[in-house]
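Below you'll find the structure, written out as structure tokens, and then a few comments.
The values are calculated or read from the model by the stated rules, or taken from the named source; none is laboratory data. Note that the structure is a prediction, hence the values are computed from the model and not measured. Because the Cβ atoms are built from the backbone with ideal geometry, glycine has one as well, and the counts that use them run over all protein chains shown.
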Amino acid sequence: MPFKREQTNMGSCISAIGTANPQYKIPQQTIYHFMVKAFGLDDNNASRLKQIYDGSGIDHRYSVIPDFGYSDPQAYTFFGKGANLEPFPSTQNRLQLYQQTAVGVAADAAKKCFEAFDQDIAQSITHLITVSCTGMYAPGIDIDLVEKLSLNRRTERTCINFMGCYGAINALKTADYICRADADAKVLVVSVELCTLHFQKANTLDNWVANSLFSDGAAAVLVENEVNRNSKGPSLLLKSFYSEFIPEASDDMGWYVGNHGFEMKLTSKVSKHIKKHIKPLTESVLKKAGLSFEQIHNFAIHPGGRSILEATEQALDINPAANQLAYATLKEYGNMSSATILFVLEKILRSDIEAGKNILSFAFGPGLTVEGMILETKA
């Protein structure tokens, strides 16, 4: 008689989320003035850039680099004080600053996540998944976090790197697999992105747009099997995941290693591709989850930019009020790449949404890859 594995109806859930940002909180309009000087814009082009910043939906952003808040180049600590920011920092310079600062921001997020537990949860962590596309080194941030958070040195570690803005959903999916396979597992997911390290000064429209959006931040999530959840407060059940990429859009979003940092390719066509494809992709997400669109009560869309949120709403006929937490995240923090969707989910956990409600979530990144998931609010 063939062996049949016993099935359980208990899934995994997000028990707690903590978020953190670097110390430098810089108003969007201050960054605009920095960019005008950095790009050497005349009055006409400065006016065009201002329209982008005014329409970004962002009030302020965070950075590990204070220079974006300085009006006098002689005050710069990271970029060159000379004309045109020369000497412009190399990739090595940027990744050295990543190594010096990323773990601190990541650890702050994890410590806030741990506050949801009455007992000291650190020694109970069985798995650590780190997510980042803005820096790497080895021994890496995973080992540094084990030490900084006093986790068990036998903690199993997985690193998800260079996947862009959808990386955190892949991490949640991996954590879900682990917790479904082992009901005693407690998986800490930590996403940390220092996007502003990779500022590019080439005077192109794509760089104008990218430099108007990206920010630095970290988020930490504790994923457990629902049967063994021991955090206080509400949770989010991880019900279903879906992944697909759009080949025709592969040239419109990219992330490449250059001599002066990582280079983002982000064209204005991205939101058009999302608007065209998100409805059939949503149907696939719902079919896999066994749900209808009418059974979705709320949304957690990655706020990659105001145009991406608007394109998704228009294609799915979503009332902007149902996506308000994504707009609030964009306004308060900008786009922190993979960490951003976790900031949105944290806001949902802290909201008054009642138990038993289904949430449809999407994140977008190079490929053009669309990662979707269905979550359910639990008391």
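Listed conditions (1) more than 21 Å from Arg306 (Cα to Cα); (2) basic (Lys, Arg); (3) in contact with a His (Cβ under 7 Å, 6 or more places away or on another chain) are all met by Lys81, apart from (3).
Being aliphatic (A, V, I, L, M) and within 22 Å of Ala210 (Cβ to Cβ) is the filter here; which residues of region 161-173 pass it?
So the first thing to find is which residues in region 161-173 are aliphatic (A, V, I, L, M), and the list is 163, 168-169, 171-172.
Scanning region 161-173 gives Met163, Ala168, Ile169.
Annotation: of all residues in region 150-200 being assigned to a helix (DSSP H, G or I) and aliphatic (A, V, I, L, M), the one that is nearest to Pro87 (Cα to Cα) is Leu197. Just checking, does region 185-206 include any residue being of a type in the set (D, E, K, R), touching a residue at least 40 places away in the same chain (Cβ under 8 Å), within 15 Å of His127 (Cβ to Cβ) and assigned by TED's automatic domain parsing to the domain that holds Pro22? Yes. Taking residues in region 151-171 that are at positive phi, and partners anywhere that are hydrophobic (A, V, I, L, M, F, W, C) and in a loop (DSSP other than H, G, I, E, B), the pairs with Cβ atoms closer than 8 Å and at least 6 places apart or on different chains are Phe162/Cys133; Phe162/Met136; Gly164/Cys133.
Please indicate, with yes or no, whether at least one residue in region 285-301 is assigned to a loop (DSSP other than H, G, I, E, B) and in contact (Cβ under 8 Å) with a residue 60 or more places away in the chain. Within region 285-301, one or more residues are assigned to a loop (DSSP other than H, G, I, E, B) and in contact (Cβ under 8 Å) with a residue 60 or more places away in the chain. State which residue is surrounded by the fewest Cβ atoms within 10 Å (Cβ to Cβ) when the search covers only region 6-31 and only residues that are in contact (Cβ under 8 Å) with a residue 60 or more places away in the chain and of a type in the set (Ser, Thr, Tyr). Taking the candidates together, the pick is Thr8.
Considering only residues of region 244-292 that are of a type in the set (Val, Ile, Thr) and over 27 Å from Met136 (Cβ atoms), which is surrounded by the fewest Cβ atoms within 10 Å (Cβ to Cβ)? It would help to see each step written out before you state the result.
Let us first name the residues in region 244-292 that are of a type in the set (Val, Ile, Thr), namely 246, 257, 267, 270, 274, 278, 282, 285.
Subsequent filtering for residues that are over 27 Å from Met136 (Cβ atoms) retains 274, 278, 282, 285.
Working: Ile274: 26, Ile278: 24, Thr282: 20, Val285: 26.
Within region 244-292, the match that is surrounded by the fewest Cβ atoms within 10 Å (Cβ to Cβ) is Thr282.
When region 209-241 is limited to residues that are among the small types (Gly, Ala, Ser) and part of a strand (DSSP E or B), the one that is modelled with the lowest pLDDT turns out to be Ser235.
Among the residues of region 231-243, which ones are surrounded by fewer than 20 Cβ atoms within 10 Å (Cβ to Cβ) and farther than 19 Å from Ser15 by Cβ? Result: Ser243, single match. Just to be sure before I move on: is Lys272 touching a helix residue (DSSP H, G or I) at 6+ places or on another chain (Cβ under 8 Å), farther than 21 Å from Ile341 by Cα and not hydroxyl-bearing (Ser, Thr, Tyr) in the structure I sent? Considered against the rule, which asks whether it is touching a helix residue (DSSP H, G or I) at 6+ places or on another chain (Cβ under 8 Å), farther than 21 Å from Ile341 by Cα and not hydroxyl-bearing (Ser, Thr, Tyr), Lys272 comes out as no. Kindly check whether there is at least one residue in region 357-377 that is modelled with pLDDT under 95, farther than 26 Å from Ala106 by Cα and crowded, with 23+ Cβ neighbours inside 10 Å. The answer is yes; a qualifying residue exists. Put simply, of Lys265, Lys239 the only residue that is closer than 30 Å to Asp120 by Cα and not assigned by TED's automatic domain parsing to the domain that holds Phe88 is Lys239.
Among the residues of region 41-91, those identified as part of a loop (DSSP other than H, G, I, E, B) and loosely packed, with under 13 Cβ neighbours inside 10 Å are Asp42, Gly55, Ser71, Asp72, Thr77, Gly82, Glu86, Pro87. Assess whether Ile296 counts as being among the β-branched types (Val, Ile, Thr), over 21 Å from Ala168 (Cβ atoms) and not assigned by TED's automatic domain parsing to the domain that holds Tyr62. For Ile296, the condition - among the β-branched types (Val, Ile, Thr), over 21 Å from Ala168 (Cβ atoms) and not assigned by TED's automatic domain parsing to the domain that holds Tyr62 - is not met.
Of the residues making up region 129-146, those that are out of contact with any helix residue (DSSP H, G or I) (no Cβ under 7 Å at 6 or more places or on another chain), assigned to a loop (DSSP other than H, G, I, E, B) and over 11 Å from Ala102 (Cα atoms) are Ala138, Pro139.
When each of Ile301, Ile341 is tested for being in contact with a Cys (Cβ under 8 Å, 6 or more places away or on another chain), of a type in the set (A, V, I, L, M), outside the structural domain of Gly167 (by TED's automatic domain parsing) and at pLDDT 95 or above, the lone residue that passes is Ile341. In region 207-228, the residues that are closer than 30 Å to Ser271 by Cβ and surrounded by fewer than 20 Cβ atoms within 10 Å (Cβ to Cβ) form Cβ pairs under 9 Å with partners that are basic (Lys, Arg) and modelled with pLDDT of 95 or more, at six or more places apart or across chains, as follows: Trp208/Arg48. Asn203 meets all of the listed conditions (1) farther than 26 Å from Lys37 by Cβ; (2) assigned to a loop (DSSP other than H, G, I, E, B); (3) at pLDDT 90 or above but one, namely (1).
Checking Glu313, Glu332 one by one, the residue that is in contact with a Pro (Cβ under 7 Å, 6 or more places away or on another chain), among the acidic types (Asp, Glu) and assigned to a helix (DSSP H, G or I) is Glu313 and no other.
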